[in-house]
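The values are calculated or read from the model by the stated rules, or taken from the named source; none is laboratory data. None of the values given here were measured: they were computed from a predicted structure. Cβ placement follows ideal geometry from the backbone for every residue including glycine, while neighbour counts extend to all protein chains displayed.
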């Protein structure tokens with residue numbers, strides 16, 4: 001343990017002083033009110049058009065069903081709609097409002113929507129220049145000439161990165177709750193949320209469906225988001241070791257993440273796309289019971305894929321970082 | 001930055017980040033456990049108590065809440081503006097009862113639905129029942145898909161070739177039994193609302209081979225009338241005459257559904273018939 005803790009401290013403070021985390025918080029502070037406002041508008045329209053949430057839900061189910069009867073809609077789409085109809089119906093039958101307007105519900109849906117693109121982006125803001133930044137600034141020579149083994153340096157960077165990933169997830173949830181709560185109210189902690197929908201083709205089995213209080217649901221979401229964000233962080237660290245410039249490192253990772261998002265919306269016919277890490281980032285979908293991007297994907301499958309990618313990322317980062325010559 | 005403040009910063013970052021990490025790791029662990037080994041305990045929510053609206057004439061009601069159910073005619077298929085007869089009816093009612101707020105609660109019509117499918121929904125679907133119990137005016141159309149026996153899921157207009165007088169005759173008896181069910185269930189769900197059923201018309205009146213289909217349509221309407229006549233809160237509005245001589249101006253391009261004008265006529269009739 002000797003020397004490791006001071007190294008971690010050093011790396012953590014370096015990231016802090018580079019104001020990377022400020023950027024993350026700033027982005028959140030700007031974006032969350034925008035989404036809150038959009039949500040407020042939707043809630044206002046719904047209040048104007050519907051007597052209560054049940055009417056709204058019944059109408060929504062009806063609209064999905066009408067879409068199902070159309071011939072012009074692709075089968076894949078219909079499958080998703082059928083699943084959504086059955087889940088909404090389950091909420092209706094059990095007298096639970098799936099979208100009650102309150103701070104905790106907003107936080108829950110914000111986090112679920114942000115998992116595949118927004119969180120990776122925030123993580124990249126911190127992770128992308130961890131090594132390449134030192135290289136372009138020239139400080140890497142100073143770092144490496146100290147009498148410390150190289151793996152310890154990279155390891156301390158990894159730990160510092162982990163700390164910031166955790167902070168990002170937790171701070172985003174807190175900000176989300178505080179900002180949206182100011183508009184929608186701070187309630188909704190104990191509201192039941194259903195989880196455990198098992199999807200078989202286009203039917204939803206409700207044998208294992210159970211209600212969890214919403215605070216626990218948000219916590220579970222946070223945990224899953226943390227795992228997918230950590231995968232992105234580790235891969236970003238690897239890219240940042242491999243690539244000389246920070247810009248190249250950010251672009252590479254962003255391209256991978258965006259490609260994953262596009263793949264998961266259109267690659268239902270290309271099955272092997274499910275081995276791409278970016279297609280597996282949406283872990284929260286398993287919690288909500290939304291159909292996975294490619295049929296046959298499960299939580300365990302996604303976790304294994306993410307673990308494999310992370311392991312490869314770590315092996316490559318440490319392998320390269322401890323061996324490579326520093327010349328510039 | 002001095003050494004002390006820097007180490008205080010480190011300590012607060014490290015502490016909050018470690019706490020966050022533990023929290024999230026806990027959340028992750030629980031999520032995995034919860035999903036891989038789900039404990040299914042049934043959840044029973046607080047059931048709603050819905051109060052039926054008072055039974056009185058619409059002109060003396062405090063507010064008019066409209067719920068529409070049925071098939072594509074109620075959905076408004078064929079109307080380029082998307083209004084159908086339901087939205088047009090709501091605006092007509094607003095003119096007719098300027099002092100009473102008129103609101104469309106739900107339009108739960110489904111394209112291509114048959115009377116047996118509607119009866120199924122009425123008996124099992126909580127949402128349908130909830131929406132219907134709230135309203136004091138229910139408008140609906142059903143039966144077109146039973147009578148003309150259009151293959152399920154096909155757009156009505158495309159199926160014209162499949163239709164013969166024989167199939168229409170076969171559809172009649174079966175359809176009437178299903179219709180009886182629909183009336184009975186509707187009365188059971190909401191005996192206080194004004195319920196208006198719009199009768200069928202023959203969309204193929206101008207096709208010589210199918211003109212006799214009008215006789216079946218008339219039989220349907222007659223049977224339907226005698227069925228709903230026993231329920232004091234129901235009434236029927238005819239539409240068959242609109243689509244005979246003036247079929248060209250009231251029918252939409254699919255040769256099956258009314259166009260905006262056609263729906264306007266239906267809405268007008270319903271508004272006229274209400275007290």
The lone condition residue A:266 fails out of (1) over 28 Å from residue B:28 (Cα atoms); (2) over 21 Å from the mean Cα position of the chain (by Cα) is (2)
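State all residues of the stretch A:129-157 that are surrounded by fewer than 17 Cβ atoms within 10 Å (Cβ to Cβ) and modelled with pLDDT under 85; if no residue qualifies, say none. Step through it out loud before you land on a result.
Going through the stretch A:129-157, the residues surrounded by fewer than 17 Cβ atoms within 10 Å (Cβ to Cβ) turn out to be A:136-139, A:141-142, A:144-152.
Of everything in the stretch A:129-157, those that are surrounded by fewer than 17 Cβ atoms within 10 Å (Cβ to Cβ) and modelled with pLDDT under 85 turn out to be A:136, A:137, A:138, A:139, A:141, A:142, A:144, A:145, A:146, A:147, A:148.
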In this structure, is residue A:3 more than 13 Å from chain B (Cβ to nearest Cβ) and in contact with a helix residue (DSSP H, G or I) (Cβ under 9 Å, 6 or more places away or on another chain)?
yes
Residue check, residue B:34 assigned to a helix (DSSP H, G or I), over 30 Å from residue A:8 (Cβ atoms) and in contact with a helix residue (DSSP H, G or I) (Cβ under 8 Å, 6 or more places away or on another chain)
yes
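Tell me, yes or no, whether the stretch B:106-115 has at least one residue that is away from chain A (no Cβ under 11 Å), part of a helix (DSSP H, G or I), in contact (Cβ under 8 Å) with a residue 12 or more places away in the chain and in contact with a helix residue (DSSP H, G or I) (Cβ under 6 Å, 6 or more places away or on another chain). Working first, answer last.
As a first pass, look at the stretch B:106-115 and keep what is away from chain A (no Cβ under 11 Å): B:114-115.
Still in the list and also part of a helix (DSSP H, G or I): B:115.
Going one step further and asking which of them are in contact (Cβ under 8 Å) with a residue 12 or more places away in the chain, we end up with B:115.
Subset that is in contact with a helix residue (DSSP H, G or I) (Cβ under 6 Å, 6 or more places away or on another chain): B:115.
Yes, the stretch B:106-115 contains a residue that is away from chain A (no Cβ under 11 Å), part of a helix (DSSP H, G or I), in contact (Cβ under 8 Å) with a residue 12 or more places away in the chain and in contact with a helix residue (DSSP H, G or I) (Cβ under 6 Å, 6 or more places away or on another chain).
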Which condition does residue A:297 not pass, out of (1) touching a residue at least 60 places away in the same chain (Cβ under 8 Å); (2) within 14 Å of chain B (Cβ to nearest Cβ); (3) not in a helix (DSSP H, G or I), if it passes all the others?
(1)
Apart from one, (1) touching a helix residue (DSSP H, G or I) at 6+ places or on another chain (Cβ under 8 Å); (2) modelled with pLDDT under 95 all hold for residue A:251; the odd one out is (1)
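Condition (residue is buried (at least 22 other Cβ atoms within 10 Å of the Cβ), within 30 Å of residue A:227 (Cβ to Cβ) and modelled with pLDDT of 90 or more) applied to the stretch B:29-38: is it met by at least one residue? Working first, answer last.
First, the residues of the stretch B:29-38 that are buried (at least 22 other Cβ atoms within 10 Å of the Cβ): B:31.
Cutting the leftovers down to within 30 Å of residue A:227 (Cβ to Cβ) gives us B:31.
Filter once more, so that each one left must be modelled with pLDDT of 90 or more: B:31.
Yes, there is a match, as at least one residue in the stretch B:29-38 is buried (at least 22 other Cβ atoms within 10 Å of the Cβ), within 30 Å of residue A:227 (Cβ to Cβ) and modelled with pLDDT of 90 or more.
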Among residues of the stretch A:53-85, those that are more than 9 Å from every other protein chain (Cβ to nearest Cβ), over 21 Å from residue B:71 (Cα atoms) and part of a helix (DSSP H, G or I), counted:
8
Of the conditions (1) within 11 Å of chain A (Cβ to nearest Cβ); (2) free of Cβ contacts under 8 Å to residues at least 24 places away in the same chain; (3) within 24 Å of the chain's Cα centre (by Cα), the single one that residue B:56 does not satisfy is (1)
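Restricted to the stretch A:93-109, and to residues that are in contact with a helix residue (DSSP H, G or I) (Cβ under 6 Å, 6 or more places away or on another chain) and surrounded by 23 or more Cβ atoms within 10 Å (Cβ to Cβ), which residue is nearest to residue A:287 (Cα to Cα)?
Pass one, the stretch A:93-109, residues in contact with a helix residue (DSSP H, G or I) (Cβ under 6 Å, 6 or more places away or on another chain): A:93, A:97-98, A:101-104, A:106-108.
After this cut, where a residue has to be surrounded by 23 or more Cβ atoms within 10 Å (Cβ to Cβ) as well, the list is A:104, A:106-108.
Values: A:104: 16, A:106: 16, A:107: 15, A:108: 11 Å.
Top of the filtered list is A:108.
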Within the stretch A:277-287, residues being touching a helix residue (DSSP H, G or I) at 6+ places or on another chain (Cβ under 6 Å) and more than 10 Å from every other protein chain (Cβ to nearest Cβ) number 5
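Criterion first (over 26 Å from residue A:196 (Cα atoms), assigned to a loop (DSSP other than H, G, I, E, B), assigned by TED's automatic domain parsing to the domain that holds residue B:249 and in contact with a strand residue (DSSP E or B) (Cβ under 7 Å, 6 or more places away or on another chain)) does residue B:78 satisfy it?
Details: over 26 Å from residue A:196 (Cα atoms): yes; assigned to a loop (DSSP other than H, G, I, E, B): yes; assigned by TED's automatic domain parsing to the domain that holds residue B:249: yes; in contact with a strand residue (DSSP E or B) (Cβ under 7 Å, 6 or more places away or on another chain): yes.
Yes, satisfied.
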Tell me whether the stretch A:309-320 contains one or more residues that are in a helix (DSSP H, G or I), at pLDDT 95 or above and under 18 Å from the mean Cα position of the chain (by Cα).
yes
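Say we look at the stretch B:253-273 and pick out the residues that are modelled with pLDDT under 90 and surrounded by 16 or more Cβ atoms within 10 Å (Cβ to Cβ); which of these is nearest to residue B:71 (Cα to Cα)?
We begin by selecting, within the stretch B:253-273, every residue modelled with pLDDT under 90; these are B:253-256.
From what is left, the residues that are surrounded by 16 or more Cβ atoms within 10 Å (Cβ to Cβ) are B:254-256.
Values: B:254: 16, B:255: 16, B:256: 13 Å.
In this case the residue turns out to be B:256.
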Number of positions in the stretch A:185-213 that are under 23 Å from the mean Cα position of the chain (by Cα) and more than 13 Å from chain B (Cβ to nearest Cβ):
2
The condition from (1) under 22 Å from residue A:200 (Cα atoms); (2) away from every other protein chain (no Cβ under 13 Å) that residue A:137 misses is numbered (1)
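Assigned to a helix (DSSP H, G or I) and closer than 19 Å to residue A:163 by Cα: does that describe residue A:126?
It is true that residue A:126 is assigned to a helix (DSSP H, G or I) and closer than 19 Å to residue A:163 by Cα.
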Give the residues of the stretch B:18-35 that are more than 7 Å from chain A (Cβ to nearest Cβ) and either touching a residue at least 60 places away in the same chain (Cβ under 8 Å) or under 39 Å from the mean Cα position of the chain (by Cα) (or both), sorted by residue number.
none
Can you confirm whether residue B:112 is crowded, with 21+ Cβ neighbours inside 10 Å and over 30 Å from residue B:60 (Cα atoms)?
yes
Candidates A:92, A:143 - the one that is without any contact (Cβ under 8 Å) to a residue 40 or more places away in the chain, within 13 Å of chain B (Cβ to nearest Cβ) and either more than 21 Å from the chain's Cα centre (by Cα) or not in a loop (DSSP other than H, G, I, E, B) (or both)
A:92
Out of all the residues in the stretch A:255-291, which are surrounded by fewer than 15 Cβ atoms within 10 Å (Cβ to Cβ) and under 25 Å from residue A:85 (Cβ atoms)?
A:265, A:266, A:269
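Can you give me the number of residues within the stretch A:232-248 that are touching a helix residue (DSSP H, G or I) at 6+ places or on another chain (Cβ under 7 Å) and farther than 14 Å from residue A:121 by Cβ? Break it down stepwise before answering.
Here is the first cut: in the stretch A:232-248, the ones touching a helix residue (DSSP H, G or I) at 6+ places or on another chain (Cβ under 7 Å) are A:232-246.
So of that shortlist, the ones also farther than 14 Å from residue A:121 by Cβ come out as A:234, A:237-246.
Selection size over the stretch A:232-248: 11.
Residue-by-condition table, conditions (1) surrounded by fewer than 19 Cβ atoms within 10 Å (Cβ to Cβ); (2) modelled with pLDDT of 90 or more:
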site: B:135; (1), (2): no, yes
site: B:160; (1), (2): yes, no
site: B:171; (1), (2): no, no
site: B:195; (1), (2): no, yes
Of all residues in the stretch A:6-29, which are buried (at least 19 other Cβ atoms within 10 Å of the Cβ), more than 12 Å from residue A:122 (Cβ to Cβ) and more than 10 Å from chain B (Cβ to nearest Cβ)?
A:7, A:11
Counting only residues that are under 20 Å from residue B:83 (Cα atoms) and in the same structural domain as residue B:81 (by TED's automatic domain parsing), give me the helices (runs of 4 or more DSSP H) lying completely in the stretch B:204-275 with at least 3 of them.
B:247-250, B:260-273
